[in-house]
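The values are calculated or read from the model by the stated rules, or taken from the named source; none is laboratory data. These figures come from a predicted structure and were not determined experimentally. Heads up, the Cβs are rebuilt from the backbone with ideal geometry, glycines too, and the neighbour counts pull from every protein chain shown. Each accessible area value is taken on the protein alone, full model and side chains, heavy atoms only, with ligands, DNA and RNA left out. Shrake-Rupley method; radii C 1.70, N 1.55, O 1.52, S 1.80 Å.
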Amino acid sequence: MSGFERAKEVYAETGVDAEAAIQEALKTSISIHCWQADDVAGFEVHEGAKDSGGIMATGNYPGRARNVDEVRADYEQVLRLVPGTHRANLHASYADTAGKAVSRDRLGLEHFASWIDWANDLGIKLDFNPTYFGHPLAASGFTLSHADAAVREFWIRHGVASRHIAGGIAAAQGSECVNNHWVPDGAKDSPADRWSPRARLLESFDEVLREPVDGCTDAVESKLFGLGSEDYVVGSFEFYSSYALSRKKLFCLDMGHFHPTESVADKLSALLQFHDRLLLHTSRPMRWDSDHVVIFNDDLKAVFLELARGNALHRAVVALDFFDASINRIAAYVIGIRATRKAILYGLLDPQTQLKQYESEGKLAQKLGLMEEAKTLPFGEIWDELCRRADVPVGRAWIADVEKYEEGTLSRRV
């Protein structure tokens, strides 16, 4: 009997169908972000002042993607090493403008036509994000909530353009395109007026989202704090959860956008009482929102355990959001994607039926005991079998592939 067959039997003894868990875990989509490949730099062609107001990726490990073709090559290498169903998640600043400077408020579907062709050739779908950072008009720390109406209007036009691009992508691919709005607006130190920026943000988003766009599924993303907005973030959890609910938009939870003592997992059963779906960004904060590479840790496992226990995995749109420039970027992708897929599988292998029965019968000691025993069930054998079925490296074998790609491709990017 193989290790996998024995592991299946062990899980079956707890009432878990490992075969069904593998199939469900493989078909759950994970949207892979483009910005790990190039440290969130993007490929805009600039005229005049250099962009500012960006996001900081720390480190200078060699091999950063320098153009659209290199990002795509890196994507393709990553996809060879990770199991399951995936999408590609683009920011507007990754437009393919054929070397021409195009203002963000003038971007159109034609600037992403080559991305659509590439994705269709690979058989994957695309998601999208307007880029409200890394631009002279974001240098103040305010965009859609800026006090200057002209600045707000620029970013409103960009948001509208991005929605039409997402709609065009959806039409070209026959699939919804999730279009996630995150704005960096906030203040480093105590503002005297917390009201006006939020009122302006509300008004701006209402204008951005005023026109229905077929195929474009808009999401809004909250944040607790960030570099340069340590004291005050305009788009707080309370703001965006209320906005998404009242405007019937997708609410995004980024695992790195909360206080370290907050449990994102605990929020799911509350929010999904009211929201049809949630967008979930898997990320890993380290004392602050530092977007570390996702690993298979307790926080990540807890999120997917909650989704599995609530039969709500299909109600979560799963995406990645991390960037580490201090290590091999392909390895960062592979570690984060495989960790997220592991957590999905881990949640699906939870003996929830027996646990819930114990709880309903008041057998709380038995429930706690089974929760503890479940932590050491032969999960690794099931995960390895999932990788074998997806025809990707099992165990640490992927590391050699990454090293080979670094030697043959990344080392030449100088």
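For region 15-25, enumerate the residues that are open to solvent by 40 Å² or more (accessible area, probe 1.4 Å), part of a helix (DSSP H, G or I) and not small (G, A, S).
Initial filter on region 15-25 (open to solvent by 40 Å² or more (accessible area, probe 1.4 Å)): 15, 17, 19-20, 23-24.
Checking which are part of a helix (DSSP H, G or I) leaves us with 19-20, 23-24.
Answer for region 15-25, where residues must be open to solvent by 40 Å² or more (accessible area, probe 1.4 Å), part of a helix (DSSP H, G or I) and not small (G, A, S): E19, Q23, E24.
Using the structure shown, decide if Q366 is in contact (Cβ under 8 Å) with a residue 24 or more places away in the chain, farther than 30 Å from M56 by Cα and of a type outside the set (V, I, T).
Values: in contact (Cβ under 8 Å) with a residue 24 or more places away in the chain: no; farther than 30 Å from M56 by Cα: yes; of a type outside the set (V, I, T): yes.
Spelling it out, it is not the case that Q366 is in contact (Cβ under 8 Å) with a residue 24 or more places away in the chain, farther than 30 Å from M56 by Cα and of a type outside the set (V, I, T).
Evaluate region 229-246: report whether one residue or more is among the charged types (D, E, K, R), touching a Ser or Thr at 6+ places or on another chain (Cβ under 7 Å) and crowded, with 20+ Cβ neighbours inside 10 Å. Let's see the steps before the verdict.
Step one: list which residues in region 229-246 are among the charged types (D, E, K, R), which gives 230-231, 238.
Narrowing the set further to residues that are touching a Ser or Thr at 6+ places or on another chain (Cβ under 7 Å) leaves 231.
Filter again for crowded, with 20+ Cβ neighbours inside 10 Å, leaving none.
No; the residues of region 229-246 include none that is among the charged types (D, E, K, R), touching a Ser or Thr at 6+ places or on another chain (Cβ under 7 Å) and crowded, with 20+ Cβ neighbours inside 10 Å.
Restricting attention to region 235-259, which residues are hydrophobic (A, V, I, L, M, F, W, C) and over 18 Å from N129 (Cβ atoms)? Spell out the reasoning first.
The initial filter retains those residues of region 235-259 that are hydrophobic (A, V, I, L, M, F, W, C), namely 237, 239, 244-245, 250-253, 255, 258.
F237, F239, L245, F258, listed by residue number.
Tell me, yes or no, whether region 287-310 has at least one residue that is in a loop (DSSP other than H, G, I, E, B), touching a residue at least 12 places away in the same chain (Cβ under 8 Å), surrounded by fewer than 21 Cβ atoms within 10 Å (Cβ to Cβ) and in contact with a Pro (Cβ under 8 Å, 6 or more places away or on another chain).
Restricting attention to region 287-310, the residues satisfying the condition of being in a loop (DSSP other than H, G, I, E, B) are 287, 293-297, 310.
Subsequent filtering for residues that are touching a residue at least 12 places away in the same chain (Cβ under 8 Å) retains 287, 293-297, 310.
Those left that are additionally surrounded by fewer than 21 Cβ atoms within 10 Å (Cβ to Cβ): 287, 295-297, 310.
Filter once more, keeping what is in contact with a Pro (Cβ under 8 Å, 6 or more places away or on another chain): 287.
Yes, region 287-310 contains a residue that is in a loop (DSSP other than H, G, I, E, B), touching a residue at least 12 places away in the same chain (Cβ under 8 Å), surrounded by fewer than 21 Cβ atoms within 10 Å (Cβ to Cβ) and in contact with a Pro (Cβ under 8 Å, 6 or more places away or on another chain).
It is to be established whether one or more residues within region 180-188 are closer than 22 Å to L250 by Cβ and basic (K, R).
No, region 180-188 contains no residue that is closer than 22 Å to L250 by Cβ and basic (K, R).
Scan region 247-283 for residues that are part of a helix (DSSP H, G or I) and open to solvent by less than 70 Å² (accessible area, probe 1.4 Å) and jot them down.
So in region 247-283, the residues part of a helix (DSSP H, G or I) come out as 247, 264-271.
Within region 247-283, V264, A265, K267, L268, S269, A270, L271 qualify.
The rows are residues; the columns are (1) within 22 Å of K125 (Cβ to Cβ); (2) crowded, with 20+ Cβ neighbours inside 10 Å; (3) acidic (D, E); (4) in contact with a helix residue (DSSP H, G or I) (Cβ under 9 Å, 6 or more places away or on another chain).
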| residue | (1), (2), (3), (4) |
| --- | --- |
| H146 | no, yes, no, yes |
| V151 | no, no, no, yes |
| S190 | no, no, no, no |
| E211 | no, no, yes, yes |
| C216 | yes, yes, no, yes |
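Answer yes or no as to whether A166 is farther than 15 Å from H46 by Cβ, in contact with a helix residue (DSSP H, G or I) (Cβ under 8 Å, 6 or more places away or on another chain), open to solvent by less than 10 Å² (accessible area, probe 1.4 Å) and in contact (Cβ under 8 Å) with a residue 12 or more places away in the chain. Before the answer, list the steps.
Values: farther than 15 Å from H46 by Cβ: yes; in contact with a helix residue (DSSP H, G or I) (Cβ under 8 Å, 6 or more places away or on another chain): no; open to solvent by less than 10 Å² (accessible area, probe 1.4 Å): yes; in contact (Cβ under 8 Å) with a residue 12 or more places away in the chain: yes.
For A166, the condition - farther than 15 Å from H46 by Cβ, in contact with a helix residue (DSSP H, G or I) (Cβ under 8 Å, 6 or more places away or on another chain), open to solvent by less than 10 Å² (accessible area, probe 1.4 Å) and in contact (Cβ under 8 Å) with a residue 12 or more places away in the chain - is not met.
Got a sec? Which of D401, D324 is touching an Asp or Glu at 6+ places or on another chain (Cβ under 8 Å), at pLDDT 95 or above and farther than 19 Å from G15 by Cβ? Even if it seems obvious, please write down each step before you answer.
Details: D401 fails: touching an Asp or Glu at 6+ places or on another chain (Cβ under 8 Å).
Being touching an Asp or Glu at 6+ places or on another chain (Cβ under 8 Å), at pLDDT 95 or above and farther than 19 Å from G15 by Cβ holds for just one of D401, D324, which is D324.
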